[in-house]
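The values are calculated or read from the model by the stated rules, or taken from the named source; none is laboratory data. Note that the structure is predicted; figures quoted are calculated from it, not measured. Counting neighbours? That spans all protein chains shown, and the Cβs are built from the backbone with ideal geometry, glycine included.
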Amino acid sequence: AQSVTQLDSQVPVFEEAPVELRCNYSSSVSVYLFWYVQYPNQGLQLLLKYLSGSTLVKGINGFEAEFNKSQTSFHLRKPSVHISDTAEYFCAVSPNTDKLIFGTGTRLQVFP
Amino acid sequence: DAGVIQSPRHEVTEMGQEVTLRCKPISGHNSLFWYRQTMMRGLELLIYFNNNVPIDDSGMPEDRFSAKMPNASFSTLKIQPSEPRDSAVYFCASAPPGGQDTDTQYFGPGTRLTVL
């Protein structure tokens, strides 16, 4: 079975600072990896995904993530955050692209 | 495109009442997913359909929950009878057929259910 661990439930950061949101996964088979963002009172929106190929994946809004197979990690990064990045971020894995298994989420709070 | 449409956006009901949540997926998508989001359990997949057929309903909590997809453009999630512990935000998501960004799920805005 697959599982996702997001160790940080909340990450406070000041505007224009860099941020990293951590995601580790567990799986005995190859998986696809995703980051979704949820703005207040909205549904989830895809930020980026890793299916194969380059381990560095670039997404929308200046976010990127790096797939590290040996560490079973898929951490999300942004070099300089904005107030508008305040949201809940979910890491997810899929063994076959039909089903997504989500982590518990990390709330990113950006302060001015 | 209008995106995934869910109704109602908010529902407040009393314990024991029947609740029906509705979802219209994006036109042309052939997979549909129902999720439940709570503070305690996070985001859980309840059931998903492919070409209107239920593929995996292992996440459905109990017999009080049922889901149908009578055609490609409509699905319902029904709770009967409802209980306070069913209070949550319920999301519907859809995904396109294979070879067309099939790995991306598109989420609706959710229905916030409160059972008193």
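When you go through (1) within 9 Å of another protein chain (Cβ to nearest Cβ); (2) farther than 19 Å from A:Y32 by Cβ one by one for B:M40, which number turns out not to apply?
B:M40 satisfies every listed condition except (1).
Considering only strands (runs of 3 or more DSSP E) fully contained in segment B:52-116, which possess at least 3 residues that are closer than 17 Å to B:I26 by Cα and either modelled with pLDDT under 95 or within 14 Å of another protein chain (Cβ to nearest Cβ) (or both)? Steps first, please.
Working: elements: B:53-56, B:65-71, B:74-79, B:88-95, B:111-115.
In segment B:52-116, B:88-95 are the strands (runs of 3 or more DSSP E) which contain 3 or more residues that are closer than 17 Å to B:I26 by Cα and either modelled with pLDDT under 95 or within 14 Å of another protein chain (Cβ to nearest Cβ) (or both).
Consider only pairs whose beta carbons are under 8 Å apart and that are at least six residues apart or on different chains; among these, list those whose first residue lies in segment B:1-24 and is aliphatic (A, V, I, L, M) and whose second residue is loosely packed, with under 12 Cβ neighbours inside 10 Å.
B:V12/B:L116; B:M15/B:P84; B:M15/B:L116
Pull up segment B:7-51, narrow it to residues that are among the basic types (K, R) and not in a loop (DSSP other than H, G, I, E, B), then point me to the one that is surrounded by the most Cβ atoms within 10 Å (Cβ to Cβ). First the steps, then the outcome.
Of segment B:7-51, the ones among the basic types (K, R) are B:9, B:22, B:24, B:36, B:41.
Now restrict to residues that are not in a loop (DSSP other than H, G, I, E, B): B:22, B:24, B:36.
Working: B:R22: 15, B:K24: 18, B:R36: 22.
Step by step, filter segment B:7-51, then rank; the result is B:R36.
Working only within segment B:35-81, note down all residues that are among the β-branched types (V, I, T) and within 13 Å of B:A93 (Cβ to Cβ). Lay out the reasoning, then the answer.
The initial filter retains those residues of segment B:35-81 that are among the β-branched types (V, I, T), namely B:38, B:47, B:53, B:55, B:76, B:79.
Selection gives B:I47 alone.
Report yes if A:S80 is among the small types (G, A, S) and touching an Asp or Glu at 6+ places or on another chain (Cβ under 8 Å), otherwise no. Reasoning before the result, please.
On the way: among the small types (G, A, S): yes; touching an Asp or Glu at 6+ places or on another chain (Cβ under 8 Å): yes.
Yes: the conditions hold for A:S80.
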